[in-house]
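See structure below.
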Amino acid sequence: MPEPRLAPLTAPPRSATSLPETRDGFKFRSGRLSLDFLATLAERSKPQPREALVSPLDLDRWLRAAGVQVRAAKASLADLLAARELREALYRLAQACLRQQLFALEDRKLVNRWAATRLPPRQLGLRPGFSVPEPEGVDLTQALAELARDAVALFSGATARRIRNCERAGCSILFFDSSRSGRRRWCSMAACGNREKVAAHRERRAARPR
Ligand SMILES: [Zn+2]
């Protein structure tokens, strides 16, 4: 049986593995745990963004799909609200990274508070890219703390300059650009990249004189 996998807290991105981009209905395209979490609120540019974390059960499902080992996963309504509050703070901080702006004090305080939560130490697994989770896993608070820590690592290093917004109109997914050139444009080549290419092809054909 393959070892259970914990998402790494620091770069390199998880794209090094071949996990599917969609797991249990959630999108994991960004290459970073914390940015994937932001995608649970989709279509952010629309008046009615789409919430994927509707009930506490959804939070349990997302954490499992993300590979965060949560002990006796049963999120409460308070956990759900805290998770959404943390998510939106992380989103604003990521936007500040994109715009090279100062972080808002309230968001910084909230995320730093989460990141200060004590977590079980990480242990090496059998091979590169794998860690052994604590036998009992982490509790819900620690799971959210993992997200905050990943974001702190991402936003405080040179990696902050590699955060991108997908260029497809209407896609609000942020991702970590780990490409050598630093010119990745889409959250997913298979999804958004392909759709843009098809659209561009149609446009060229329509413009061609008959
Ligand atoms: Zn996209």
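For the stretch 92-108, filtered to residues that are more than 13 Å from ARG164 (Cα to Cα) and among the basic types (Lys, Arg), the residue that is most open to solvent (accessible area, probe 1.4 Å) is ARG92.
Looking at VAL111, is it open to solvent by less than 20 Å² (accessible area, probe 1.4 Å), out of contact with any Lys or Arg (no Cβ under 6 Å at 6 or more places or on another chain) and either part of a loop (DSSP other than H, G, I, E, B) or away from the ligand (no atom under 16 Å from the Cβ) (or both)? Yes: the conditions hold for VAL111. Tallying residues that are within 28 Å of ASN194 (Cα to Cα), free of Cβ contacts under 8 Å to residues at least 60 places away in the same chain and not in a loop (DSSP other than H, G, I, E, B) within the stretch 137-169 yields 1.
Taking PHE103, is it of a type in the set (Phe, Trp, Tyr), away from the ligand (no atom under 16 Å from the Cβ) and part of a loop (DSSP other than H, G, I, E, B)? In short, yes.
Looking across GLY170, GLY157, GLY182, one residue alone is surrounded by fewer than 16 Cβ atoms within 10 Å (Cβ to Cβ) and within 15 Å of the ligand (Cβ to nearest atom). It is GLY170. For GLU203, the conditions (1) among the acidic types (Asp, Glu); (2) open to solvent by 80 Å² or more (accessible area, probe 1.4 Å); (3) over 18 Å from the mean Cα position of the chain (by Cα); (4) within 15 Å of the ligand (Cβ to nearest atom) all hold with the exception of (4). When the test is whether a residue is in contact with a helix residue (DSSP H, G or I) (Cβ under 7 Å, 6 or more places away or on another chain), open to solvent by less than 70 Å² (accessible area, probe 1.4 Å) and away from the ligand (no atom under 14 Å from the Cβ), ALA148 passes it. Looking across the stretch 114-125 at every residue that is free of Cβ contacts under 8 Å to residues at least 40 places away in the same chain and surrounded by 13 or more Cβ atoms within 10 Å (Cβ to Cβ), the one that is nearest to GLY157 (Cα to Cα) is identified as ALA115. Step by step: first the residues of the stretch 178-210, then only those that are in contact (Cβ under 8 Å) with a residue 40 or more places away in the chain and not aliphatic (A, V, I, L, M), then the one that is farthest from GLU43 (Cα to Cα). Which residue is that? Filtering first and then ranking leaves SER178.
The values are calculated or read from the model by the stated rules, or taken from the named source; none is laboratory data. Bear in mind that the values here come from a model prediction, so they are computed numbers and not experimental data. Positions of Cβ are backbone-derived with ideal geometry, glycine not excepted, and every protein chain shown enters the neighbour counts. In case anyone asks, the SASA skips ligands and DNA or RNA and just uses the protein heavy atoms, side chains included. Shrake-Rupley method; radii C 1.70, N 1.55, O 1.52, S 1.80 Å.
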